[in-house]
1. Keeping to the range 13-31, report how many residues are assigned to a loop (DSSP other than H, G, I, E, B) and touching a His at 6+ places or on another chain (Cβ under 8 Å).
2. Would you check which residues across the range 1-21 are open to solvent by 100 Å² or more (accessible area, probe 1.4 Å) and farther than 13 Å from TYR41 by Cβ and list them?
3. With the requirement that a residue be charged (D, E, K, R) and touching an Asp or Glu at 6+ places or on another chain (Cβ under 8 Å), what does the chain give you?
4. Of all residues being closer than 12 Å to ASP8 by Cα, not in a strand (DSSP E or B) and not charged (D, E, K, R) in the range 32-46, which is least open to solvent (accessible area, probe 1.4 Å)? Just the residue, please.
Amino acid sequence: MSIKPKCDKCGKELTEFGGILFGPPNRNSKVKKHHLCRKCYKKIAAEL
């Protein structure tokens, strides 16, 4: 069985490499990782 990641913003399956967004660490030094498709990545990057 292959891994089929989905974009955490729009929910569509990733058919090509997109981006990964890491959140800030919490008190236990754990971070949240969000997978993004290229379209959602471009939208988020444009806001930075």
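The values are calculated or read from the model by the stated rules, or taken from the named source; none is laboratory data. Model, not experiment: these values are computed from the prediction. Cβ coordinates were reconstructed from backbone atoms using ideal geometry, including for glycine residues, and neighbour counts include every protein chain displayed. Side chains are part of the model used for accessible areas, which takes the heavy atoms of the whole protein and leaves out ligands, DNA and RNA. Shrake-Rupley method; radii C 1.70, N 1.55, O 1.52, S 1.80 Å.
1. Looking only at the range 13-31, we keep the residues that are assigned to a loop (DSSP other than H, G, I, E, B), and these are 14-18, 23-31.
Filter once more, keeping what is touching a His at 6+ places or on another chain (Cβ under 8 Å): 14, 18, 23.
Looking only at that region, the number is 3.
2. Of the residues in the range 1-21, the ones open to solvent by 100 Å² or more (accessible area, probe 1.4 Å) are 1, 3-4, 6, 9, 12, 15-17.
Result: MET1, ILE3, LYS4, LYS6, THR15.
3. Taking the chain first, the residues charged (D, E, K, R) are 4, 6, 8-9, 12-13, 16, 27, 30, 32-33, 38-39, 42-43, 47.
Passing the criteria: LYS4, LYS6, ARG38.
4. Taking the candidates together, the pick is CYS40.
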